[in-house]
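K.L.:
Pasting a structure here, questions to come.
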Amino acid sequence: MTKPDTIWKAKVLTLFPEMFPGALGLSLAGQGLKDGIWALETVDIRDFAGDKHRSVDDAPFGGGPGMVLRPDVVSAAIEAATALAKDLPLIYLTPRGRSLNQARVKELAKGPGAVLLCGRFEGLDERVVQAHAVEEVSLGDYVLSGGEVAAIAVVDACVRLLDGIIGTPESLAEESFETGLLEYPQYTRPQEWKGRTVPDVLVSGHHEKVRAWRKEQSEAITRERRPDLWARYAADNA
Ligand code: SAM
């Protein structure tokens with residue numbers, strides 16, 4: 001495998017560096033990591049604590065439950081992580097962020113990589129977001145216990161788009177969101193399973209009919225499940 005000129009870099013700021021590479025060390029991403037197509041570095045936020053107890057959090061001003069990550073500690077970690085990586089966008093994973101989509105994933109994958117800041121507890125002191133050029137990104141409308149699982153998802157989505165990761169890059173062109181639609185249903189052998197067969201058109205050998213059937217299915221599924229995507233697709237294709 002020939003290495004690309006520049007390697008896509010993921011730098012993860014976390015209180016749990018042992019969670020990495022985790023799922024990113026396996027399968028396509030794991031192979032890409034071994035092949036040097038991308039690189040992963042973790043920065044332990046706790047290393048930037050200033051006291052002997054290595055405290056990283058404190059109670060929220062104004063009261064309320066839980067703890068908040070201290071701005072001085074997290075900011076010191078960010079400065080150390082970005083000192084040699086000024087070209088990488090700094091992303092804070094948070095349910096308050098803009099929902100990640102395939103368009104943003106593609107932009108990130110085309111760039112040099114990303115610094116990913118993982119929150120814990122009640123999250124991060126707001127002043128860190130103001131003091132640094134932070135892009136706030138959410139994985140969806142639900143609350144995880146920490147940003148690490150979200151960071152793994154962001155890196156996985158980007159890495160699979162890098163040259164040399166997927167053996168048949170053409171397969172990327174047909175995936176959900178590529179054409180603004182969700183993907184059509186897929187089938188494989190056996191042709192009959194538990195009394196269920198596959199649609200006749202898929203075994204007809206008629207490529208044009210297969211293409212038309214798949215498009216029809218994609219449109220129907222998108223219309224039913226994702227009215228938001230469907231409205232955009234319908235407007236773009238009016
Ligand atoms: N108090 C926060 C709120 O209500 O928005 C939730 C904090 S959550 C328990 C702890 C950390 O998990 C967050 O700081 C963030 O880094 C991460 N997290 C939780 N849900 C997430 C999501 N949907 N997308 C990205 N990161 C998330």
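K.L.:
Looking at the square roots a ≥ b ≥ c of the eigenvalues of the Cα gyration tensor of region 110-238, which shape do they give, rounded for a/c under 1.5, prolate if a/b is larger than b/c, or oblate? Please report the intermediate quantities before stating the final value.
P.N.:
Details: a/c = 2.31, a/b = 2.10, b/c = 1.10.
The shape class here is prolate.
K.L.:
Take the eigenvalues of the Cα gyration tensor for region 1-92, scale each by 5, and report the square roots as semi-axes in whole Å, largest first.
P.N.:
Values: eigenvalues 199, 45, 24 Å².
They are 32, 15, 11 Å, listed from largest to smallest.
K.L.:
So how far, in whole Å, is the C-alpha centre of region 95-150 from the one of region 159-235?
P.N.:
So the two Cα centres are separated by 29 Å.
K.L.:
What does the accessible area of Phe16 come to, in Å² to the nearest 10, when a probe of 1.4 Å is used?
P.N.:
80
K.L.:
Next question. Which lysines, if any, have their Cα less than 20 Å from the Cα of Lys11, not counting same-chain residues under 8 positions apart?
P.N.:
Qualifying lysines at Cα under 20 Å: Lys3, Lys34, Lys86, Lys106, Lys110.
K.L.:
Using all Cα-Cα distances in region 61-172, what percent lands in each 5 angstrom bin from 0 up to the longest?
P.N.:
All Cα pairs, binned at 5 Å, distribute as 2, 11, 21, 22, 19, 13, 6, 4, 2, 1, 0 percent.
K.L.:
Debye sum, Cα scatterers, region 145-215, no solvent: what log₁₀ I/I(0) at q = 0.23 1/Å?
P.N.:
Taken in order of the listed q values, log10 I(q)/I(0) reads -1.08.
K.L.:
Distances longer than 25 Å among the Cα atoms of the chain: what percent of all pairs is that? Please report the intermediate quantities before stating the final value.
P.N.:
Values: 14978 of 28203 pairs.
Roughly 53 percent, rounded to a whole number.
K.L.:
Ignoring everything but the protein chains, give the 1.4 Å probe accessible area of Asp51 in square angstrom, nearest 10.
P.N.:
Around 60 Å² of this residue is reachable by solvent.
K.L.:
Counting alpha carbon pairs within less than 8 Å and at least 6 residues apart, what relative contact order, in whole percent, applies to region 79-238? Present the calculation step by step, with values, prior to reporting the outcome.
P.N.:
Numbers: 157 pairs, mean separation 33.1, N = 160.
Worked out over region 79-238, it gives 21 percent.
K.L.:
Additional query: Please find, in a Gaussian network model of the chain (springs between Cα atoms separated by less than 10 Å), the residue of Glu148, Glu216, Glu107 whose mean-square fluctuation is greatest.
P.N.:
In this elastic network of the chain, the residue with the biggest mean-square fluctuation among Glu148, Glu216, Glu107 is Glu216.
K.L.:
Which value does Rg/Rh take for region 176-236 over its C-alpha atoms, Rh per Kirkwood?
P.N.:
Details: Rg = 13.5 Å, Rh = 12.8 Å.
Looking at region 176-236, the ratio lands at 1.06.
K.L.:
Let me ask something additional. Please compute the contact order of region 8-159 in relative form: average sequence separation of alpha-carbon pairs under 8 Å and at least six residues apart, divided by the residue count, as a percent.
P.N.:
Numbers: 260 pairs, mean separation 45.2, N = 152.
Computed over region 8-159, the figure is 30 percent.
K.L.:
Same structure, new question: At a probe size of 1.4 Å, how large is the accessible area of Glu192, to the nearest 10 Å²?
P.N.:
Approximately 120 Å² for this residue.
K.L.:
Additional query: Which order, highest average first, do 108-117, 34-43, 204-213 follow once you tally other Cβ atoms within 10 Å for each residue and take the mean per peptide?
P.N.:
Values: 108-117: 21.1, 34-43: 16.6, 204-213: 11.7.
So the peptides 108-117, 34-43, 204-213, ranked by packing, come out 108-117, 34-43, 204-213.
K.L.:
So which trypsin sites (Lys or Arg not before Pro) in region 43-82 pass both tests, a DSSP loop state and at most 11 other Cβ atoms within 10 Å of the Cβ? Present the calculation step by step, with values, prior to reporting the outcome.
P.N.:
Details: sites: Arg46, Lys52, Arg54; in loops: Lys52, Arg54.
Passing sites in region 43-82 are Lys52.
The values are calculated or read from the model by the stated rules, or taken from the named source; none is laboratory data. Being a predicted model, the structure only gives us computed values, none of them experimental. All Cβ positions, even for glycine, are placed from backbone atoms using ideal geometry, and neighbour counts span all protein chains on display. Quick note on the areas: whole protein, heavy atoms, side chains included, nothing else; ligands and nucleic acids left out. Shrake-Rupley method; radii C 1.70, N 1.55, O 1.52, S 1.80 Å.
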